[in-house]
Amino acid sequence: MNSTILILGACGQIGTELTLTLRAKYGNNAVIATDIREPLMKELKNGPFELLDASDAIAMRSICEKYNVHTMYHLVAMLSATGEKFPMKAWDLNMQSLLHALELAKEGLLSKIFWPSSIAVFGPTTPKRETPQQTIMEPSTVYGISKLAGERWCEYYASKYGVDVRSIRYPGLISWKSQPGGGTTDYAVEIYYKALEEGRYTSFLSEHRALPMMYMDDAIRATIELTEAPAKQVKIRSSYNLAGISFDPITIAKSIAKYVDGFTMDCQADFREEIAASWPESIDDRSAQEDWNWSPTFDLDSMTQAMLTNLKVKLRK
Ligand code: SER
């Protein structure tokens, strides 16, 4: 592939790793990284980097024109916990930035868009275990409402205007290179830092609150595999369910305790407990398996080992 890739939200948890992975694959100049802020990680400047507010349609257009962008990975969003504090800001940012991108694709300025949805599209009335691809969706967070509306817009632009848009309903994503911000699943990243730094952690979710999760390496691979799959294989244009690992705080704590001597966890549930309680515990992703051969590689213990090994090196620096 020798066409230009644009990443929106390149300094975020997913954007950082996706930018580095795609640059390793296609060369630094093939991947234009953008974000509303300057990167903290200097490697993100090893290729083109532009400041971009994704809610600014004119600025987004001018970057697409300047670099003759082929594929956009749209990774800008305000997540669930922060979204509950700033509902209108979350709605405006999450919706406007997506609609600007879909309009550019409709005009032919972009050939392809990847845009992530989330397990947050589900709600308290959704079947909780092995949640099907098509089911009741009555999200109770602003973030979830914006992602569900976004899914409908993606399908609308695909069917009405032939826009090639692809999407995954990400579970909670666990990574060591960059931290998440403002999500309900963030505890499953924080716990690894605290295990190494303090040997103990206080979870903001209750001990048996299970959620679908995934190690970042699997999520990045899924993202690229779906985006690069032949168009005819991508039968779902709203968003694909994607399953990795499902666990609750007590189970991840036990996994960490196998590798960090004396590690302990207690739980003090806060407002995020209610958000988590409205989401599925596990996901049925047969459509992704069948349509574009999805299969995760990390289980809980292999993820724990990878997180601890990499974080030990990172925290020593
Ligand atoms: N990780 C997200 C959040 O917790 C869910 O997609 O908000």
Taking the Cα centre of region 1-141 as the origin and placing charges on Cβ (Lys, Arg +1; Asp, Glu -1), which of Ser118, Leu99, Tyr26 is farthest toward the positive end of the dipole?
Tyr26
Net charge of neighbours whose Cβ lies under 12 Å from the Cβ of Lys128, counting Lys and Arg as +1 and Asp and Glu as -1:
-1
Cross-link reach from Lys235 to lysines, straight Cα distance under 25 Å and at least 8 residues apart if same chain, gives Lys106, Lys112, Lys128, Lys147, Lys160
Could you report region 223-294's accessible area per residue, 1.4 Å probe, as an integer in Å²?
44 Å²
Using alpha-carbon coordinates, inclination of helix 216-228 to the longest axis of the chain, degrees:
20 degrees
In Å², rounded to a whole number, the accessible area per residue of region 144-187 with probe 1.4 Å is 32 Å²
Based only on the alpha carbon positions, what is the Kirkwood hydrodynamic radius of region 155-262, in angstrom?
15.8 Å
For region 159-267, give the magnitude of the charge dipole about the Cα centre (Cβ charges: +1 Lys/Arg, -1 Asp/Glu; no others), in debye to the nearest 20.
620 debye
Could you state the number of Å between the C-alpha centres of region 242-311 and region 65-105?
27 Å
Could you tell me which residue out of Ala77, Trp153, Asn310 lies farthest along the dipole of the chain toward its positive end? Charges go on the beta carbon: Lys and Arg +1, Asp and Glu -1, centred on the Cα centre.
Asn310
Heads up, region 33-108 by the C-alpha gyration tensor (a ≥ b ≥ c square roots of eigenvalues; a/c under 1.5 rounded, else a/b over b/c prolate, else oblate) looks oblate
Debye intensity ratio I(q)/I(0), log10, the chain, q values 0.10, 0.14 Å⁻¹ (C-alpha model)
-0.53, -1.09
Where Lys and Arg each count +1 and Asp and Glu each count -1, what net charge lies around Pro116 among other residues with Cβ under 11 Å from its Cβ?
+2
When the dipole is taken about the Cα centre of region 193-239, and only Lys, Arg (+1) and Asp, Glu (-1) are charged at their Cβ, what size is it in debye, to the nearest 20?
320 debye
Given unit charges at Cβ for Lys, Arg (+) and Asp, Glu (-), the dipole magnitude of region 1-130 about its Cα centre in debye, nearest 20, is 280 debye
Using only Cα atoms, tell me the angle between helix 142-161 and the longest principal axis of the chain; keep it within 0 to 90° and round to the nearest 10.
30 degrees
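The values are calculated or read from the model by the stated rules, or taken from the named source; none is laboratory data. A quick note: this is a predicted structure, and the numbers were derived from the prediction, not measured. Here the Cβ is made from the backbone with ideal geometry for all residues, glycine too, and neighbour counts use every protein chain on show. The protein model used for the area step is the full one, side chains on, heavy atoms only, and it has no ligands, DNA or RNA in it. Shrake-Rupley method; radii C 1.70, N 1.55, O 1.52, S 1.80 Å.
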